[in-house]
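First comes the structure, then the notes that go with it.
What follows draws every value from the coordinates through simple rules; no lab data is involved. What you see is a predicted model; the values in this text were computed from it and never measured. Ideal geometry is used to build each Cβ from the backbone, glycine not excepted, and the neighbour counts take in all protein chains shown.
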């Protein structure tokens, strides 16, 4: 059926409006999609009761806010944290020591130090005065599972007790069932306060200050150069050190 002259004129007047409407709708859709992507939430797993984890939150929150992304942290024990981050359940690790990527290839290290880990050897107040860090290899020493720096430190030790939490380690130490515990200074002090243990001391001073790095799961590979650039700029301005 042929259109009448009146209907043809009507559609001719209507057509530009439809075009403008479709264009507007398309632009709005693109803007909404881009906005949703830029404000997507990221969740990073990390270790509970570790000072460096607490210190890493502020600088990384600021860095991801710069990219327009929401930043969340999920605290777990060390072993579970690594399971979640390396499998992609979370978006990566908040902070860990260098070299983690060799054991967990799915994790990408961002090559800018975020925080520093101070570690110590904890012993009982009445510990053998002849005991030194150099003679620990023949002692019964405890460490946390999944904490890489303690694994490295005790690698060649004869007797190592591995626990899933600091409470177990320091309870055994206080009872005399362990000769020493290797842990971060923060974790040791926090745990002894929590358990009200008054017979624990450090064996000498903190024995290392190790840099820690942010890790992304490979599913977020596209973000790696962006977040590294932001962190490097924050480092140059001194902002990163101020937030640590």
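Tabulated values for the structure
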{"quantity": "Cα shape, the range 52-164, gyration tensor, a/c 1.5 rule", "calculated": "prolate"}
{"quantity": "Prolate/oblate/rounded call for the range 118-208, Cα gyration tensor, a/c under 1.5 rounded", "calculated": "rounded"}
{"quantity": "Cut-off 13 Å, label 7 Å out along Cα→Cβ of residue 62, residues of the range 212-237 by amide N", "calculated": "230-237"}
{"quantity": "Highest-first arrangement of 72-79, 187-194, 91-98, where packing means the average Cβ count within 10 Å", "calculated": "91-98, 187-194, 72-79"}
{"quantity": "Potential extension, residue 162-residue 148 segment - 0.36 nm per residue separation minus Cα distance", "calculated": "3.8 nm"}
